[in-house]
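Read the figures in this text as sums done on the coordinates, not as results from a lab. Note that the structure is a prediction, hence the values are computed from the model and not measured. For neighbour counting, all protein chains shown are included, and Cβ atoms are generated from backbone atoms with ideal geometry for every residue, glycine included.
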Amino acid sequence: MRNEHDGSPQAVIACHELLAWIIPQLDKLPRVRRYTLGERIETGLLDVLERLIEAAYGSGAVKLAALQAANLRLGVVRHLWRLGHGLEAVSGKSYGYGAGLMEDLGRQLGGWQRELRGRGQPQ
């Protein structure tokens, strides 16, 4: 699950790419949504990135707990992103692309968790 270029797990790279794409999108939100919904989405994804980095450098139960926390936080961000689309603050095209990036990140997280469980890490 590691990228040979920088040694980071693929989930960390995917989260970084998602943040790099979504932050400029959040800057385009209407002012009334930017500092509430946009801030929560950005903060949530930054939290996901932090948990993924903890997992990358942690060991044992700490690693799995960090991944579970990241997965939970990503679930919240997905709902916030959907809400932004429902409130017409996020275009359909941007919503679809962002949701796809979040889906990919979720798959990376799930794969990493399964890999750890396969090695006998505690649940």
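Within the shell defined by Cβ-Cβ distances under 13 Å, the residues around TYR95 carry a net charge of +2, with Lys and Arg each +1 and Asp and Glu each -1.
Maximal additional length on extending the LEU83-GLU50 stretch stands at 9.5 nm, based on 0.36 nm per residue less the C-alpha distance. If the label point is 7 Å along Cα→Cβ of TYR97, which residues in the stretch 27-45 have backbone nitrogen under 20 Å from it? Those under the cut-off are 27-31, 34, 38-39, 41-43, 45. Based on the Kirkwood radius over alpha-carbon pairs, what value in µm²/s does the Stokes-Einstein equation return for the translational diffusion coefficient of the stretch 57-123 at 20 °C and 1.002 mPa s? Approximately 163 µm²/s, per Stokes-Einstein. Shown here for the stretch 28-119: GluC sites (Glu not before Pro) in loop regions (DSSP other than H, G, I, E, B) with at most 14 other Cβ atoms within 10 Å, namely GLU88.
Given the peptides 58-67, 74-83, arrange them by the average over their residues of other C-beta atoms within 10 Å, most packed first.
74-83, 58-67
Mean residue ellipticity at 222 nm, helices only, the chain: -26000 deg cm²/dmol; runs of at least 4 DSSP H residues each add -39,500 (n - 2.57), and the sum is divided by the number of residues.
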